[in-house]
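Asks: First the structure, which I've put down as structure tokens, then a few questions once you've had a look.
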Amino acid sequence: MPNIEVVIVGAGLAGLSTAFHLAERGATVTLLEKDRVGSGSSSRSGAVNTMLQGNRAATVARGVSFDIFERFDEILDDYTFHQVGCMAIYDEEQFETASQLHDMQREAGSRFDVLDSSQIETRFPDLRIEKNEVGVLDLRGGWSEPDSYIPALTKKIVDLGVEVREGVAVEDLMVEAGHVRGVRLAGGEELRPDATVCTVNAWANALLDRIGQPLPVRSFVHERFVTRPFDGPPQLPATNDDANGVYYRPTEDHRILLGSGAMDPEEVRMPGPDFHLDQLSPNPGSLPYILDKVVDRLPAVEGDRIDAHRVGLVSYPADFMPNIGPVEALPGLYLGTNFCSGGFGWHPVAGLLISEYILDERTRIDASIFSPDRFKDFDTQAFLEQDTTYHEIVEAHAARNRGFVRKRH
Ligand SMILES: Cc1cc2nc3c(=O)[nH]c(=O)nc-3n(C[C@H](O)[C@H](O)[C@H](O)COP(=O)(O)OP(=O)(O)OC[C@H]3O[C@@H](n4cnc5c(N)ncnc54)[C@H](O)[C@@H]3O)c2cc1C
């Protein structure tokens, strides 16, 4: 295979995974980051992951991510994939809706146990479950610790020969004769690779708007908290507690991490490429909301145990599917952006698929539902100008999906 040069813009999880999969197959890769590796939403992630998705293609794709997490657990120094299961907790009505997907999810390769309240409490003694609640434990699911995973993956790609440049902002994607020919950096330096990959997540439209290809995406503030350490490891899996609208998991240093997307989070219109997530304002209502939701569920968690807090952005395409793949209108450009609240679960497969688009011009799985070209005939401008809230977008999405909507990490 001829040597292929690739420039990747944005060193969060998506950029790192793309760099890994390209470099492992011999491509010459430069990864550009305007700040520090992982300083976007990636280092702020809850990193809870399940394979159980709302359609077959997404469930199969998540399975590929889990293949990669399992492999990374073997080949990355100082990284552990905590494959302890990822459990969804449902009330009766939610379970009835979710269970309509079980045949599809099994057929797509997932494995899970359905547990009643006493089975859950026996298996995970830190949880208190109502009699009418049901747990669906995804046996391939689990969690990672971004603070150890990001350095481990960065070290691996550097070992594979990737040039990682921090403090380097891309000012423009260079378009010549209808092709993306590379990037222009702040300061004027130009890089002209064979392929350009944009993995800037919530910053996508800060670059794409300037070349007339904005995406129909909206970004919202998302926060997560951790308790002070306990004496030993909390006895619970990674949990999407849909009955209460919160998620939680243990951490590597014996804390409990907690988050929620259920409050109406503030929308952030990306002001420009210079924006940094430290400029986000946390919502003072978030923590009281979460604590109220877990007071009966996780008796070990009390208000005065909360120790630390991180704030980032989750970025939603109009149809809640990430943007992964080439852009037909701009040959030479590939996207891996806007992963909703599930980018930790999507990024392994996203990087693999982008590497296959570039090196093979085809992918091992059907990835058409992620193609940025699905929005070719969509009224992106109207979507971006619409005055709406997070909950209205979620409700509209639920209506299109026969009532099934879950915040799926
Ligand atoms: C609080 C919180 C909790 C979450 N919990 C979960 C969870 O439990 N499970 C899950 O699966 N997902 C979760 N997510 C989502 C997940 O963390 C994100 O989807 C994922 O980290 C996105 O990774 P990324 O690489 O696409 O983006 P980012 O990590 O945001 O990286 C984009 C990078 O691009 C850089 N950049 C931007 N513009 C430029 C430019 N012009 N030039 C150079 N560099 C540029 C930025 O500095 C940034 O580092 C959570 C997110 C948040 C905020």
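Asks: Only one residue in 10, 15 is in contact (Cβ under 8 Å) with a residue 60 or more places away in the chain, under 13 Å from residue 153 (Cα atoms) and not hydrophobic (A, V, I, L, M, F, W, C), so which one is that?
Replies: The conditions single out 15.
Asks: Here's something else I'd like to know. Which ones in segment 34-76 are within 12 Å of the ligand (Cβ to nearest atom), over 18 Å from the mean Cα position of the chain (by Cα) and not basic (Lys, Arg)?
Replies: 35
Asks: Return the residue satisfying two criteria in turn: it lies in segment 303-350 and is in contact with a Cys (Cβ under 7 Å, 6 or more places away or on another chain) and hydrophobic (A, V, I, L, M, F, W, C), and of such residues it is farthest from residue 258 (Cα to Cα).
Replies: Selected residue: 333.
Asks: Please verify whether segment 296-303 includes one or more residues that are among the basic types (Lys, Arg), within 14 Å of the ligand (Cβ to nearest atom) and crowded, with 18+ Cβ neighbours inside 10 Å. Spell out the reasoning first.
Replies: Here is the first cut: in segment 296-303, the residues among the basic types (Lys, Arg) are 297.
Still in the running and within 14 Å of the ligand (Cβ to nearest atom): none.
Among the residues of segment 296-303, not one is among the basic types (Lys, Arg), within 14 Å of the ligand (Cβ to nearest atom) and crowded, with 18+ Cβ neighbours inside 10 Å, which makes the answer no.
Asks: How many residues, within segment 114-124, are out of contact with any Leu (no Cβ under 6 Å at 6 or more places or on another chain) and in a loop (DSSP other than H, G, I, E, B)?
Replies: Qualifying residue count for the region: 1.
Asks: Still on this structure, I have one more. What's the number of the condition residue 187 fails, among (1) buried (at least 16 other Cβ atoms within 10 Å of the Cβ); (2) more than 30 Å from residue 389 (Cα to Cα)?
Replies: (1)
Asks: Can you name every residue in segment 176-200 that is away from the ligand (no atom under 15 Å from the Cβ), acidic (Asp, Glu) and outside any loop (DSSP other than H, G, I, E, B)?
Replies: Correct list: 176 only.
Asks: Given (1) among the aromatic types (Phe, Trp, Tyr); (2) within 16 Å of the ligand (Cβ to nearest atom); (3) closer than 25 Å to residue 236 by Cβ, where does residue 20 come up short, assuming only one miss?
Replies: In the conditions (1) among the aromatic types (Phe, Trp, Tyr); (2) within 16 Å of the ligand (Cβ to nearest atom); (3) closer than 25 Å to residue 236 by Cβ, residue 20 misses (3) alone.
Asks: Checking residue 210 against (1) more than 23 Å from the chain's Cα centre (by Cα); (2) away from the ligand (no atom under 11 Å from the Cβ): exactly one of these is not met. Which one?
Replies: Every listed condition holds for residue 210 apart from (2).
Asks: Next up: Go through segment 201-222 and give me each residue that's assigned to a strand (DSSP E or B) and within 19 Å of residue 49 (Cβ to Cβ).
Replies: To start, the set of residues in segment 201-222 that are assigned to a strand (DSSP E or B) comprises 217-222.
The answer is 222, and nothing else.
Asks: Test residue 264 against the criterion of being outside any strand (DSSP E or B), closer than 30 Å to residue 93 by Cα and in contact (Cβ under 8 Å) with a residue 24 or more places away in the chain, and give yes or no.
Replies: Taking the combined requirement at face value, the residue satisfies it.
Asks: Under the condition of being part of a loop (DSSP other than H, G, I, E, B) and modelled with pLDDT of 95 or more, which residue from segment 246-261 is nearest to the ligand (Cβ to nearest atom)?
Replies: Applying the filter and picking the extreme gives 251.
Asks: Any chance you could count how many residues in segment 98-118 are surrounded by fewer than 17 Cβ atoms within 10 Å (Cβ to Cβ) and out of contact with any Asp or Glu (no Cβ under 8 Å at 6 or more places or on another chain)?
Replies: Within segment 98-118, the first condition is being surrounded by fewer than 17 Cβ atoms within 10 Å (Cβ to Cβ), and the residues that meet it are 99-100, 102-104, 106-107, 109, 111, 113-114, 116, 118.
Keeping just the survivors that are out of contact with any Asp or Glu (no Cβ under 8 Å at 6 or more places or on another chain) gives 99-100, 102-104, 106-107, 109, 113-114, 116, 118.
Residues flagged as surrounded by fewer than 17 Cβ atoms within 10 Å (Cβ to Cβ) and out of contact with any Asp or Glu (no Cβ under 8 Å at 6 or more places or on another chain) within segment 98-118 amount to 12.
Asks: Another one. What's the total number of residues in segment 157-170 that are assigned to a helix (DSSP H, G or I) and within 12 Å of the ligand (Cβ to nearest atom)?
Replies: Step one: of segment 157-170, the residues assigned to a helix (DSSP H, G or I) are 157-159.
Keeping just the survivors that are within 12 Å of the ligand (Cβ to nearest atom) gives none.
So the count comes out to 0.
Asks: I've got another one for you. From the list 220, 275, pick out the single residue that is in contact with an Asp or Glu (Cβ under 6 Å, 6 or more places away or on another chain) and closer than 30 Å to residue 206 by Cα. Talk me through it step by step, then tell me what you get.
Replies: Working: 275 fails: in contact with an Asp or Glu (Cβ under 6 Å, 6 or more places away or on another chain).
Being in contact with an Asp or Glu (Cβ under 6 Å, 6 or more places away or on another chain) and closer than 30 Å to residue 206 by Cα holds for just one of 220, 275, which is 220.
Asks: Among the residues of segment 359-397, write down those that are under 30 Å from residue 4 (Cα atoms), out of contact with any Gly (no Cβ under 8 Å at 6 or more places or on another chain) and part of a helix (DSSP H, G or I).
Replies: Matches in segment 359-397: 359, 360, 368, 369, 374, 375.
Asks: Sticking with this structure for a sec: Of everything in segment 138-151, what is over 17 Å from the mean Cα position of the chain (by Cα) and surrounded by 24 or more Cβ atoms within 10 Å (Cβ to Cβ)? Give them in sequence order.
Replies: If the condition is that a residue be over 17 Å from the mean Cα position of the chain (by Cα) and surrounded by 24 or more Cβ atoms within 10 Å (Cβ to Cβ), then 138 is the only one that fits.
Asks: Of all residues in segment 318-341, which are at pLDDT 95 or above, within 14 Å of the ligand (Cβ to nearest atom) and either among the hydroxyl-bearing types (Ser, Thr, Tyr) or closer than 14 Å to residue 376 by Cβ (or both)?
Replies: Those that are at pLDDT 95 or above, within 14 Å of the ligand (Cβ to nearest atom) and either among the hydroxyl-bearing types (Ser, Thr, Tyr) or closer than 14 Å to residue 376 by Cβ (or both): 323, 334, 335, 337.
Asks: Have a look at 333, 313, 353 and point out the one that is in contact (Cβ under 8 Å) with a residue 24 or more places away in the chain, surrounded by 17 or more Cβ atoms within 10 Å (Cβ to Cβ) and either farther than 27 Å from residue 394 by Cβ or acidic (Asp, Glu) (or both).
Replies: After applying the criteria, what remains is 333.
Asks: Select from segment 24-38 the residues that are out of contact with any strand residue (DSSP E or B) (no Cβ under 6 Å at 6 or more places or on another chain) and surrounded by fewer than 19 Cβ atoms within 10 Å (Cβ to Cβ) and list them in ascending order.
Replies: Hits for segment 24-38 are 24, 25, 26, 35.
Asks: Give me the pairs, please: first residue somewhere in segment 157-175 and under 20 Å from residue 334 (Cα atoms) and without any contact (Cβ under 8 Å) to a residue 40 or more places away in the chain, second residue anywhere and assigned to a strand (DSSP E or B) and of a type in the set (Gly, Ala, Ser), beta-carbon distance under 7 Å, and either six or more positions apart or on two chains.
Replies: 174/182
Asks: Here are 153, 127, 137, 173: which of them is part of a helix (DSSP H, G or I) and either of a type outside the set (Gly, Ala, Ser) or touching a helix residue (DSSP H, G or I) at 6+ places or on another chain (Cβ under 9 Å) (or both)?
Replies: 153
The values are calculated or read from the model by the stated rules, or taken from the named source; none is laboratory data. Every value quoted in this text rests on a predicted model; they were computed, and no experiment measured them. Positions of Cβ are generated from backbone atoms using ideal geometry, with glycine treated the same way; all protein chains shown enter the neighbour counts.
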